[in-house]
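Each value in this text was obtained by applying a stated rule to the coordinates, not by laboratory testing. Please read these numbers as outputs of a predicted model, since none were measured by experiment. Here the Cβ positions follow ideal geometry from the backbone for every residue, glycine too, while neighbour counts run over all protein chains shown.
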């Protein structure tokens, strides 16, 4: 990696770490004999998508019609949009359904009735189940609504029920690994009861789950049929502090130029702000943290000996709380690395990656 | 505005309101006999930039070399980069300095020494002064460092001292208009003492200031020479709750499709998340607020009778706290409007505008 080429905030991606993350998750799915359908909303990159093909991945997950269109153009033929169907986008949905195996997510009667009327091609659909996160989905015990939805597709020539899809997003509020394991167990148990009620009528139905914390921490997936983690491809500071990954599994880092050093108040100012990192934060010792400092090397970045945090962000400025030890090491114009709190949002803003072996690659928003 | 054309999250811009905001700020500057050098980091759009030309604006502010390059390509000839100079970008700086009147911002000795060595063309530079915000800048009483910087440029053929530049960003923490007025008065007073110490040596030096809260609330700018507000072009929820603007001065609104309605917990889910709004929030009654609901009309949006807020955001999902009254009014697939908390960050993410008179226009990131 030629650091001299980097003049402004740049998202570095360590390909080796990223490939290792993909391999490990892929092997975990294989060992559990379940489908691995990675979520591509984190990287949003055709080039990174291609890295998955080496592990025989051919089914993917995305979070919008726009993202499905991008990956369909890049030769992905089996795509689940894991977001409640937005019926205004029926034209895009029909175009996709004509070209690829499209799998939709339904969580209310209005949407399935609309689809039955307006779909021109066959799709599979999942019923989105709320197993405790309470963002979207039908309550896991609401058989009445589930049956109403299934009744619509029962005799449909276009809508094929694929199974139950859930996102255990409450693992992001977990305190530790035990807590993640506990949320996973309770949620998958509830889903399994649901599945057992429908398996005789729909012998091919599957349970699709898979937030990154669960997929990283849980070892036994015997009750799931498919996992859809996304963030694991890069991980980030949030996942690290949650217990999902060791620091050395984090594959992205934002290289930022130092533009000011204020020794009198122990602060370092970088070019790197809300339009690079996003304003996602975690709280450590009562302080809002937007990223953690690492030293860059020719091959990437070092695991830090001491914790220095990015604690303030405005549009283009970032403020790091330093000490004299750090201030004496750094100079105006040098580059430092910042591990982002939420790699999905940072990648979405940065719209491109500089691979630590000197290659630039794409991102949907930059294309 | 044809709402039927909108199928996914779309940033609406009311051109009439926007033009009125520009006219009012322009007239205020004229009445005070000061230079109006608007900050273009909010809209980042060549098309919106052109709207300013009707008001005889020919000097602008940006926050990065990249943004300066974009607007220079779009025929702006006098640009201030109001961000501490990033010396790694010297190549871009030299290219700009060859083509336009480029004005840089310096806040430490290392940067000015570097510029004196590496600049190939003439630039003006401001010394960035910290008048109380404590993000960047030299303390307003640190004459020693100011003199050291001026000594470097004194005999320079390329560096010309233009004056003192400051950003009173602490107005964003103000509790009310009186508080904004007070921060402004104290800060401009301190800057004026500084100016009086240098005006005999530099008779053309100016004081450049101008955060949106001050520029909106303060009426007497007699001690300033130039204002650089940016956000006023659109305003947003944060400015409204700060007291900078009435609700009807807000010129942007994100149109979002409703994808789920959960009457059992009084929640509405929209397609519209952190990658559309940003995760900037304000706190109202202890609750994090990411936006406020408005009803869309053929001509834009209505001022709300009742306050409904966007209170949770993940990558693509937004959650609105509703009541039965609201839930009975709305249907799956309908569009609602959300006034964003921070229009600069929302515009940066959305990368394009749908003008309420049916025209699409550009944004730097979309080009």
(request) Mind pulling the angle between the C-alpha long axis of helix A:177-198 and the longest principal axis of chain A? Nearest 10 degrees, somewhere in 0 to 90. (result) 20
(request) Between copies, how far apart are the residue A:113 label points? List them in nm, one decimal, shortest first, with each point 7 Å from Cα toward Cβ, please? (result) 7.5
(request) Using only atoms on other chains, find how many Cβ atoms lie within 10 Å of each Cβ of peptide B:337-348 and report the average. (result) 2
(message) Cβ neighbours within 10 Å, averaged per peptide: list B:348-355, B:172-179 in order, most packed at the top.
(response) B:348-355, B:172-179
(message) Compute the angle between helix A:143-154 and the longest alpha-carbon principal axis of chain A, please, reported from 0 to 90 degrees and rounded to the nearest 10.
(response) 70
(message) Can you tell me how the stretch B:255-321 classifies by the Cα gyration tensor, rounded, prolate or oblate, using a/c under 1.5 as the rounded cut?
(response) rounded
(request) Rank A:50, A:211, A:201 by mean-square fluctuation in a GNM of chain A with C-alpha springs under 10 angstrom and give only the top-ranked residue. (result) A:201
(message) Averaged across A:256-268, how many Cβ atoms of other chains sit within 10 Å of each residue's Cβ atom?
(response) 4
(message) Testing the spin-label approximation: label points 7 Å from Cα along Cα→Cβ at residue B:241 and residue A:4. State their distance in nm.
(response) 4.9
(request) Calculate how steeply helix A:109-118 sits against the longest principal axis of the alpha-carbon atoms of chain A, using the helix alpha-carbon long axis, and give the answer as 0 to 90 degrees to the nearest 10. (result) 80
(message) Using a 10 Å cut-off around each Cβ, can you sort A:256, B:215 from fewest to most neighbouring Cβ atoms?
(response) B:215, A:256
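Which FRET efficiency value, to the nearest 0.05, is calculated for residue B:148 and residue A:98 with the Förster distance at 60 angstrom and r the Cβ-Cβ distance?
According to the calculation, E is roughly 0.30.
I need the calculated FRET efficiency for the pair residue A:66 and residue A:186, taking r as the beta carbon distance and R₀ as 41 Å, to the nearest 0.05.
Once rounded, the FRET efficiency stands at 0.75.
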(message) Please rank B:121, B:161, fewest neighbouring Cβ atoms within 10 Å first, as an exposure proxy.
(response) B:121, B:161
(message) Please report the antiparallel percentage of DSSP beta bridges with both residues in the protein assembly as shown, rounded to the nearest 5.
(response) 55
(request) Quick one: grab the alpha carbon gyration tensor of the stretch A:1-90, order the square roots of its eigenvalues as a ≥ b ≥ c, and give me rounded if a/c is under 1.5, else prolate or oblate depending on whether a/b is larger than b/c. (result) oblate
(request) Highest first, please rank the peptides B:64-72, A:90-98, B:307-315, B:226-234 by the mean number of other Cβ atoms sitting within 10 Å of their residues. (result) B:226-234, B:64-72, B:307-315, A:90-98
(message) Cα atoms only: what Rg and Dmax, in Å, come out for chain B?
(response) 21.9, 73
(request) Report, for chain A, the % of DSSP beta bridges that are antiparallel, rounded to 5. (result) 55
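For the stretch B:77-229, what is the percent of antiparallel DSSP beta bridges, rounded to the nearest 5?
Here the antiparallel bridges make up roughly 0 percent for the stretch B:77-229.
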(message) Consider the operator that turns chain B into chain A: which B residue has a Cβ nearest its axis, and what is that gap in Å?
(response) B:279, 2
(message) Below 8 Å between Cα atoms, with a sequence gap of 6+, how large is the relative contact order for chain A in percent?
(response) 21
(message) Rounded, prolate or oblate, given the Cα gyration tensor of the stretch A:185-266, with a/c below 1.5 counting as rounded?
(response) prolate
(request) Using only the alpha carbon atoms of the stretch A:15-233, find the Kirkwood hydrodynamic radius as the inverse mean reciprocal pair distance, in angstroms to one decimal. (result) 17.6
(request) Work out the mean other chain Cβ neighbour count within 10 Å for the residues of A:105-113 and drop it here as an integer. (result) 3
(request) Take each of the peptides B:203-209, B:27-33, A:287-293, average the number of other beta-carbon atoms within 10 Å over its residues, and list them starting from the highest. (result) A:287-293, B:203-209, B:27-33
(request) Could you please state, rounded to a whole Å, how far the C-alpha centre of the stretch B:334-352 is from the C-alpha centre of the stretch A:237-270? (result) 28
(message) So the label point sits 7 Å from Cα along the Cα-to-Cβ vector; using that for residue B:134, what distances do you get to the other copies, in nanometres, sorted shortest first?
(response) 3.8
(message) Between residue A:35 and residue B:196, what is the label-point separation in nm under the 7 Å Cα-to-beta-carbon projection?
(response) 7.7
(request) Distance between Cα centroids, the stretch B:76-145 to the stretch A:1-43: provide it in whole Å. (result) 38
(request) Take the Cβ-Cβ distance between residue A:113 and residue B:73 as r, set R0 to 60 Å, and report the resulting FRET efficiency rounded to the nearest 0.05. (result) 0.75
(request) Would you calculate the volume per residue, in Å³, of the smallest convex hull containing every Cα atom of the protein assembly as shown? (result) 149
